[in-house]
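Asker: Below is the structure I would like to discuss, written out as structure tokens.
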Amino acid sequence: MEARIPSIACIGVIGRHNNPLHISLFPAIGPNSTQEPRDKLAFTFMLNSSLDIFEARMPSKTSQDFGLLHALDERIALYGWLTNTGVKLVIVVDMEGRIAPTPEAAKIGVLGLRGGDLLPAFNALQTAYVRLLQNPFYVPDDHDPKLVRGHRALEIQSPKFIREVERTGQAWYPGIVTI
Amino acid sequence: MASSKAARIGEDVWKSRTEKINTEIVTLTYGTIVSSLCRDLLLPNTTSSTDYAAVNAELDRMGYNIGLRLVEDFLAKSNTGACQNLRETAEVISKTGFKIFLNITPIVSGWSSDGKSFGLVFEENPLADFVELPDDGRSQEELWYSNILCGVLRGALEMVQMQVDVRFVSDVLRGNDTTEMRVTLLKYIEDEMPPDDE
């Protein structure tokens, strides 16, 4: 039984009106290093239910980092970050998502995650989102379900942003300083 | 050496005699201009297909108007005399002109065999920071995002009696390796007398 360390299972970007802007899934590494794909629908429901926690904690929370939103079971935990503009970044961590590459890393897996461990990931996501907004051809109103009429994709299409999110999700491990 | 003198003048003026502005304001403003044009200039009989050729032409026209006025400011700030030949002109444009206004120095390269045409290779383009061309399949082939710069050069050089053709030949936003602009001298404009009335 190899030692396992936490890895990111899913990254969700949700807009001000609780509309999903982007969802990225990262497969778990099963025994014998096979990749197990994630169930998109299940994770969409998970992200949806996490929105209630944002609303419940909103009045009292003053900082942006919501930290641990909810620990679903022994394996899955959700962490959240709210930007000042109302955009929510949610990271779902799978506690046994990856096989530990070295024995030192395995020890981290045993200890569990600390609150600040996901900060680099949230910072990288926020930077990617800011870069996306600086693209003049990205119109945030186009992704707002209340303003958009007709059938248009409501999710973010920009390849650069999606690539950044995927890179962040794959590169993260507990204890990483910058992504 | 002509090129190092141009570089020195450019550096001096940039450091001492220009007002600076935040680069993000410039990038965002220019981006708004281009995306507004893309939304407004549509192909006839369609509701949302941008006419990229018209956008390029409009950016060139806007640049032309800017260039006519900008060249006076440039000559006043840099105090360079008349250039003797096209090579000197190219050096002054790249080392002094672009340096003063955008703080970049494109590299002059690709001289044609008759010496009437050269290329300017841009290592960095502050107008196009963080830009991704829209994903409608045609913009990558048809839109030259920084086309306003072509108009600026055309207008500026026309005010110093040179008629040039300036166009982009490659752009990193389109996926090419470099951003390169090709400047071709068509003719020196002689002052002409207005046609006689008789």
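Asker: Placing +1 on the Cβ of each Lys and Arg and -1 on the Cβ of each Asp and Glu in the protein assembly as shown, which of A:113, A:171, A:78 has its Cα farthest towards the positive end of the resulting dipole?
Answerer: Working it through, the farthest residue towards the positive pole turns out to be A:113.
Asker: With θ taken as phi - 60° and the coefficients 6.51, -1.76 and 1.60, list the Karplus ³J(HN,Hα) couplings across the stretch B:105-111 in order, rounded to whole Hz; mark glycine and proline as x.
Answerer: Per-residue couplings from phi come out as 10, x, 8, 7, 7, x, 5 Hz.
Asker: Roughly how much accessible area, to the nearest 100 Å², goes out of reach of solvent when A and B pair up, both sides summed, probe 1.4 Å?
Answerer: What A and B bury together is about 1100 Å².
Asker: Let me ask something additional. Compactness ratio of chain A: Cα Rg over 2.2 N^0.38 Å, N = residue count?
Answerer: Against the empirical 2.2 N^0.38 Å value, I get 1.04 for chain A.
Asker: Long-range amide H contacts for residue B:111: which residues qualify at under 5 Å (H placed 1.01 Å from N, peptide plane, sequence gap of 5 or more or a different chain)?
Answerer: B:119
Asker: Would you mind checking which residues have amide H under 5 Å from residue A:21's amide H? H placed 1.01 Å from N; only 5 or more apart, or other chain.
Answerer: Amide H to amide H, under 5 Å and 5 or more residues apart or across chains, residue A:21 pairs with A:13, A:14, A:15.
Asker: Roughly how many debye, to the nearest 20, is the charge dipole of the stretch B:43-198 about its Cα centre, given +1 on each Lys and Arg Cβ, -1 on each Asp and Glu Cβ, and no other charges?
Answerer: I would put it at about 500 debye.
Asker: Sticking with this one: So, with a 1.4 angstrom probe, what is the percent of accessible area on chain A that is carbon and sulfur?
Answerer: C and S fraction of accessible area: 56 percent.
Asker: In the protein assembly as shown, with Lys and Arg counted as +1 and Asp and Glu as -1 at Cβ, which of these residues, B:152, B:104, B:195, has the Cα nearest the positive end of the dipole, that is, farthest along it?
Answerer: So the residue we want is B:104.
Asker: Also, I was wondering about something else. Indicate the gyration tensor shape class of the stretch B:31-88 (rounded, prolate or oblate), computed on the Cα atoms with a ≥ b ≥ c the square roots of the eigenvalues: a/c under 1.5 is rounded; otherwise a/b larger than b/c is prolate and the rest oblate.
Answerer: prolate
Asker: Moving on to the next point. Given 10 Å bins starting at zero, what is the percent of C-alpha pairs of chain B in each, up to the one with the largest pair distance?
Answerer: It works out to 8, 33, 35, 18, 6, 1, in whole percents.
Asker: Under DSSP H, which helices of chain B have Cα atoms covering 15 Å or more of the helix axis and a Kyte-Doolittle average no less than -0.5?
Answerer: B:23-40, B:52-78, B:148-159
Asker: Right, something else. Ranked from the most accessible area to the least, with a 1.4 Å probe and all protein chains present, what is the order of B:181, B:193, A:46?
Answerer: The residues order as B:193, A:46, B:181, largest area first.
Asker: Amide H neighbours of residue B:168 under 5 Å, at least 5 residues apart or on other chains, H built in the peptide plane: list them.
Answerer: Here the answer is B:182, since their amide H atoms fall under 5 Å of that of residue B:168.
Asker: Please give the solvent-accessible surface of residue A:167 in Å², to the nearest 10, using a probe radius of 1.4 Å with every protein chain present.
Answerer: 110
Asker: So what are the ³J(HN,Hα) numbers for the stretch B:169-181, from phi and the Karplus equation (6.51, -1.76, 1.60; θ = phi - 60°), rounded to whole Hz, Gly and Pro as x?
Answerer: Rounded to whole hertz, the list is 10, 7, 8, 5, 5, 8, x, 6, 6, 10, 9, 10, 10.
Asker: Next up: Quick one: Cα convex hull volume of the protein assembly as shown, Å³ per residue?
Answerer: It is 229 Å³ per residue.
Asker: Another question, if that's okay. With +1 on each Lys and Arg Cβ and -1 on each Asp and Glu Cβ, and nothing else charged, work out how big the dipole of chain A is about its Cα centre, in Debye to the nearest 20.
Answerer: Roughly 400 debye, rounded to the nearest 20.
Asker: Now for a separate question. Measure nothing but the geometry: give the 0 to 90° angle between the long axis through the Cα atoms of A:159-171 and the longest principal axis through the Cα atoms of chain A, rounded to 10°.
Answerer: 20
Asker: Only Lys, Arg, Asp and Glu count, each charged at its Cβ (+1, +1, -1, -1), so figure out the dipole size of the stretch B:1-129 about its Cα centre, rounded to 20 debye.
Answerer: In debye, rounded to 20, the stretch B:1-129 gives about 420.
Asker: Show me, for the stretch A:44-58, the HN-Hα J-couplings you get by feeding each phi into the Karplus relation (A = 6.51, B = -1.76, C = 1.60, θ = phi - 60°), rounded to Hz, glycine and proline as x.
Answerer: 4, 5, 4, 5, 4, 6, 5, 4, 4, 5, 4, 5, 5, 8, 3
The values are calculated or read from the model by the stated rules, or taken from the named source; none is laboratory data. Keep in mind it's a predicted model, so treat the numbers as computed, not measured. All Cβ positions, glycine included, derive from the backbone under ideal geometry; neighbour counts span all protein chains shown. Side chains included, ligands, DNA and RNA excluded: accessible areas come from the protein's heavy atoms. Shrake-Rupley method; radii C 1.70, N 1.55, O 1.52, S 1.80 Å.
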